Amino acid sequence: MAIAELTRPGPIGQPDIGYTPNYDKFLARTKRRLATEKLDKTLPPGFPQKLESDLVWDNTDIGDRYDWTFQLTPSDLEEVEEALKHFKSLEKPLGYVNQETFPLPQLHAKLRQVSKEIHEDFGFKVVRGVPVDQHTREEVLIIYAGLASHIAPVRGRQDHQFDGKPADVAVNHIKDMSAKVDASKIGAPAYTTDKQVFHTDSGDIIALLCLETAAEGGKSKLSSSWRVYNELAETRPDIIRTLAGPWQSEVFDGQGTSYVTRPLLFHQPASTNPTGKDRLIIQYARRVFTGFQGLPRSSSIPPITEAQAEALDALHFLAEKHALSLDFQKGDIQFVNNLSIFHARDGFTNTPDKQRHLVRLWLRDEEFAWKLPEELGGRWDKVFKGVTEEGQVFPLEPYVRSSALGKEGEKEGAK
């Protein structure tokens, strides 16, 4: 046992937990903690015993309650084509795509309703029918950014450099890069065929455009964090307390020692929200606590606790229990409320002619935006602050962004 502890990547004292959740280890840890620890049976002060909202859903009821597909009609697509022609006539870089330069006179109101549904109703929507095979890659990205600008006008940066130069990289290609990049240089599952566990990203809304599906597997999954909260509040309020307490979240910035301390779970009382209802916000990614492949958790950052290890597994397995699997098709754009919805994907298999390829945007809509907890302000500033139209870059081909580079990749990137 001592040998295993010494050889396990990460700081001394790090629990036996990896990026890929292990259900047997989770059950054993839960059993051990229930038997040996005196766990708090009350919620943190002010936290609701139960959330009541359309944002509380699971895979048993969502299909009857909500039509999450917005199918672009022939007239919608004609309008999109006219908007594309208009933008191209301006001869401006892609960073200038917005509601004015990509005008959609009739479709605009429908897309604004989509934003309202994402923020105030069920938390997600799939816009279906983008003609990805009928256009060049650059034209597809113009259409994607144009449609998205009518749902959430503010685009965030997903990387601060491109081709070794400072840049506001506006899109990120989610694609298996393991055939081109050594595994030791990949520190995030987005660039592999591995399963991605339930997590959230940065930004208010996460958009994913499907350019191509996998030959097999790779299903996209969504799960209501509010549904998970309700179950934990009823059965394990101590885990809610753990999630609402301080966590040392690693920041993969190439320094190896950088982390921020903040909760993963935030409660906003009804009195502070325009809806007059309680809100719950969760913001976390498992890999910043467990590491992944080329980026293990730094040995100079404090280990997580056994309670935190159990909480991470509880979030994943409950999210998985209640998750909706989406039939992601080529030309679909999935828009997700990142503050209330977990997302994940199954592992997958590619073939030479079927390579799963998604393109991601991080977005914000000031009209419907939720008030952010103060502790998340710095993270959101890194995404949105100072992003300019002229500074935005839209890479046409996939690459591993700098915050997902393993140690060897960081060294190469610094040259």
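The values are calculated or read from the model by the stated rules, or taken from the named source; none is laboratory data. If you're wondering where the values come from, they're calculated on a predicted model, not measured in any experiment. Virtual Cβ from ideal backbone geometry, glycine too; neighbours counted across all protein chains shown.
Given the conditions (1) modelled with pLDDT under 95; (2) surrounded by 14 or more Cβ atoms within 10 Å (Cβ to Cβ), and given that G331 satisfies all but one, which numbered condition is not satisfied?
Unmet condition: (1).
Which of (1) of a type in the set (D, E); (2) surrounded by 11 or more Cβ atoms within 10 Å (Cβ to Cβ); (3) out of contact with any His (no Cβ under 7 Å at 6 or more places or on another chain) does D24 not meet, given it meets every other one?
(2)
Kindly list, by first and then second residue, each pair from a residue in region 353-364 that is in contact (Cβ under 8 Å) with a residue 12 or more places away in the chain to a residue that is surrounded by 19 or more Cβ atoms within 10 Å (Cβ to Cβ) and among the basic types (K, R), limited to pairs with Cβ atoms under 7 Å and residues at least 6 apart or on different chains.
Listed pairs, sorted by first residue: Q355/K175; R356/K175; H357/K175; L361/R155; L363/R155.
Out of N98, N59, I need the residue that is of a type outside the set (A, V, I, L, M), closer than 18 Å to L318 by Cβ and surrounded by 13 or more Cβ atoms within 10 Å (Cβ to Cβ). Which one?
Step by step, each of N98, N59 is checked, and only N59 is of a type outside the set (A, V, I, L, M), closer than 18 Å to L318 by Cβ and surrounded by 13 or more Cβ atoms within 10 Å (Cβ to Cβ).
Looking only at region 336-365, which residues are modelled with pLDDT of 95 or more, in a loop (DSSP other than H, G, I, E, B) and more than 24 Å from L315 (Cβ to Cβ)?
Result: D365, single match.
Those residues that are out of contact with any helix residue (DSSP H, G or I) (no Cβ under 9 Å at 6 or more places or on another chain) and surrounded by 17 or more Cβ atoms within 10 Å (Cβ to Cβ), I need them from region 359-372; list them, please. Please lay out each step first, then the result.
Residues of region 359-372 out of contact with any helix residue (DSSP H, G or I) (no Cβ under 9 Å at 6 or more places or on another chain): 366.
Hits for region 359-372: nothing passes.
Restricting to region 344-358, count the residues that are under 18 Å from the mean Cα position of the chain (by Cα) and either under 13 Å from I174 (Cβ atoms) or crowded, with 17+ Cβ neighbours inside 10 Å (or both).
Here the count works out to 5.
Mind checking which pairs have a first residue in region 374-388 that is more than 13 Å from V260 (Cβ to Cβ) and without any contact (Cβ under 8 Å) to a residue 40 or more places away in the chain and a second that is acidic (D, E) and surrounded by fewer than 17 Cβ atoms within 10 Å (Cβ to Cβ), Cβ under 9 Å, 6 or more apart or different chains?
Short answer, once both residue conditions are applied: none.
Might you check whether a residue that is surrounded by fewer than 22 Cβ atoms within 10 Å (Cβ to Cβ) and closer than 14 Å to L339 by Cβ occurs anywhere in region 234-249?
no
Return the residues of region 340-360 that are farther than 19 Å from N59 by Cβ and in contact with a His (Cβ under 9 Å, 6 or more places away or on another chain); say none if nothing qualifies.
Scanning region 340-360 gives H357, L358, V359, R360.
So which helices (runs of 4 or more DSSP H) stay within region 179-291 end to end and still have 1 or more residues that are within 15 Å of the chain's Cα centre (by Cα) and either at pLDDT below 95 or not polar (S, T, N, Q) (or both)?
287-290
Test T7 against the criterion of being under 24 Å from the mean Cα position of the chain (by Cα) and either polar (S, T, N, Q) or modelled with pLDDT under 95 (or both), and give yes or no.
no
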